[in-house]
Amino acid sequence: MLDILLDAVTALFAPATAAFALAAIGLNFHFGLTGLLNMGHAGFMLLGMYGYAISTQNGLPIYVALVIGVLAAAAFGLLLGWPTLKLRGDYLAIATISAAELIRYLGRSNSLQALTGGSTGIRGSDFKFTFEELSPLPDENITILFWTNHGTKSSSWWLHIVAWVIVLLFALLFWQLARSPWGRVLKGIREDEDAVRSLGKNVYAYKMQALVLGGVIGALGGILWALGNSVQPDSMGRPTTFWLWTLLLLGGAATVFGPILGSMIFWSALVIVKGLSSAFIPTSVLSPVELEPFSLVLVGVTLMCLVVFRPQGILGNKRELAFND
């Protein structure tokens, strides 16, 4: 039991948790502030991963690679928003999830294998080295209390520090923009875009700005994920977007710390459920391979009940969910 609790605490502050929290902050600009039903956020994450990894593979410095990953997501946001932002509700959701799947299938296409690695993706060793070289920490294992991580390599203390600093910086950015005049216009669009349009505001332009900004933040979340893992197109499929929506609604949409809290609870709960299932369910009933999907089902049912009985999430305000009433 102690090992399960330690694993859960590890998951609370893991780089993967930070990556999903950052991506959910981007989704919070889309849905929490503007009311956009973007169901293809994983596409922004995947473009950021590809832009960063491919640039690094071709010898570009880390800062240039970051800019290219961000620009790829921004361009995708502009191309996606141009024909779709006049759609509302379910129609926008269908269009965005289709666009994200298009990016994933292009990434795993055999015709682009020389660039993207096809269905196998890009190995972490091919692009992580520039990030690891920036680490001021020793190139050895470092133990802090019960946890031991390498100083520089994958899932290192260096990645932990950078990931959570970036998450806190973008949470601060969300807080500042949400209370600015720009953020108040987005909230107005979320609640009644016709009323905002009657005041002379260019609703389409504001939606585009929110879509691009949130997509860029999602791309940075994808880069953080890749730095702790690798670039694999199927890791950013439809389930990834659904997980992002789950943890955003769990923590509370339109709140500053909702995406962060939701991500921490989601991943630690998944670890606890997997650990308890492995400890108490015999292999004759569920094999180790079947434990993970079973754990996801249990976590999903629990979170679904929370969303049903507390739709505003843990930190949210129910009034924030009055979209286009």
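Only the coordinates and a few stated rules stand behind these numbers; no lab work does. This structure is a prediction, so every number in the text was calculated from the model and none was measured. Cβ sites come from the backbone with ideal geometry, for glycine too, and all protein chains shown count toward neighbours.
Would you be so kind as to identify which of Leu78, Val203, Met236 lies farthest towards the positive end of the dipole of the chain, taking Lys and Arg as +1 and Asp and Glu as -1 on Cβ and the Cα centre as origin?
Toward the positive end, the furthest listed residue is Val203.
For a quick protection proxy, order the peptides 270-280, 43-53, 157-167 by their average other-Cβ count within 10 Å, most packed first. Before the final figure, lay out the partial values.
Numbers: 270-280: 16.7, 43-53: 30.8, 157-167: 19.8.
Final packing ranking: 43-53, 157-167, 270-280.
Can you give the helix-only mean residue ellipticity at 222 nm for the chain, where every DSSP H stretch with n ≥ 4 adds -39500 (n - 2.57) and the sum goes over all residues, rounded to the nearest 500 deg cm²/dmol?
Working: 13 runs with 216 residues, N = 325.
When only DSSP H runs of four or more count, the value is -22000 deg cm²/dmol.
Please report the relative contact order for the chain, taking Cα pairs under 8 Å with a sequence separation of at least 6, and give it as a percent rounded to a whole number. Intermediate results must be reported in sequence, preceding the final value.
Values: 533 pairs, mean separation 105.9, N = 325.
Computed value for the chain: 33 percent relative contact order.
Mind checking which of Ala226, Ser180, Leu248 is farthest towards the positive end of region 180-254's charge dipole, using Cβ charges of +1 (Lys, Arg) and -1 (Asp, Glu) about the Cα centre?
The Cα lying farthest towards the positive end belongs to Ser180.
Can you report the principal axis dimensions of the chain using only the alpha carbons, biggest first, rounded to whole angstrom?
60, 49, 38
Run the quick spin-label model on Ser111 and Asp90: label points 7 Å from Cα toward the beta carbon, then report their separation in nm to one decimal.
If labels sit at Ser111 and Asp90, their model points lie 3.3 nm apart.
Full-extension gain between Leu137 and Val9, please, as 0.36 nm times their residue separation minus the C-alpha to C-alpha distance. Before the final figure, lay out the partial values.
Details: separation 128, 0.36 × 128 = 46.08 nm, distance 2.26 nm.
Residue separation times 0.36 nm, minus the Cα-Cα distance, leaves 43.8 nm.
Sort Asp90, Asp126 by Cβ crowding within 10 Å, fewest neighbours at the top. Working shown, then result.
Values: Asp90 10, Asp126 15.
Result, fewest neighbours first: Asp90, Asp126.
Beta carbons within 10 angstrom, averaged per residue: use that to sort the peptides 282-291, 73-82, 115-124, 213-222, highest first.
Numbers: 282-291: 10.3, 73-82: 19.6, 115-124: 18.1, 213-222: 28.9.
So the peptides 282-291, 73-82, 115-124, 213-222, ranked by packing, come out 213-222, 73-82, 115-124, 282-291.
For the chain, compute the number of Lys pairs whose alpha carbons are separated by less than 23 Å, excluding pairs fewer than 8 positions apart on the same chain.
Values: Lys86/Lys187; Lys86/Lys201; Lys86/Lys207; Lys128/Lys153; Lys187/Lys201; Lys187/Lys207; Lys187/Lys318; Lys207/Lys318.
Taking the Cα cut-off of 23 Å, the pair count is 8.
Mind checking the dipole of the chain: about its Cα centre, +1 per Lys or Arg Cβ, -1 per Asp or Glu Cβ, Debye to the nearest 20? Could you put the intermediate results ahead of the total?
On the way: 19 positive and 18 negative charges, 181 e Å.
Computed about the Cα centre, the dipole is about 860 debye.
Determine the shape class of region 78-159: with a ≥ b ≥ c the square roots of the Cα gyration tensor eigenvalues, call it rounded for a/c under 1.5, and otherwise prolate if a/b is greater than b/c, oblate otherwise.
Working: a/c = 3.41, a/b = 2.02, b/c = 1.69.
Here region 78-159 falls in the prolate category.
Once you keep just the Cα pairs under 8 angstrom separated by 6 or more residues, what percentage relative contact order results for region 37-106? All intermediate terms of the calculation are to be shown ahead of the outcome.
Details: 69 pairs, mean separation 35.9, N = 70.
After rounding, I find 51 percent.
For the chain, return all DSSP H helices satisfying: extent of Cα atoms along own axis at least 30 Å; mean Kyte-Doolittle hydropathy at least -0.5. The partial results should precede the final answer.
On the way: long enough: 62-84 (33 Å, 2.03); 157-178 (31 Å, 2.05); 203-228 (38 Å, 1.40); 258-280 (32 Å, 1.46); 288-309 (32 Å, 1.91).
The answer, listed by residue number, is 62-84, 157-178, 203-228, 258-280, 288-309.
Amide H neighbours of Ile142 under 5 Å, counting only residues 5+ apart in sequence or on other chains, H built in-plane at 1.01 Å?
When sequence neighbours closer than 5 places are left aside, the close amide H contacts are Asn149, His150, Gly151.
Multiply the residue separation of Asn317 and Glu290 by 0.36 nm, subtract the distance between their alpha-carbon atoms, and state the gained length in nm to one decimal.
On the way: separation 27, 0.36 × 27 = 9.72 nm, distance 3.73 nm.
Extending this stretch completely gives an extra 6.0 nm.
7 Å from Cα along Cα→Cβ at both Arg238 and Leu169: what's the point-to-point distance in nm?
It is 3.6 nm.
Please report the spacing between the Cα centers of region 74-143 and region 156-205 in Å, no decimals.
22
Applying a 10 Å radius around every beta-carbon, put 132-142, 230-240 in order of their mean neighbour count, most first. Display every interim value, and only then the final one.
On the way: 132-142: 12.5, 230-240: 20.0.
Highest to lowest by the protection proxy: 230-240, 132-142.
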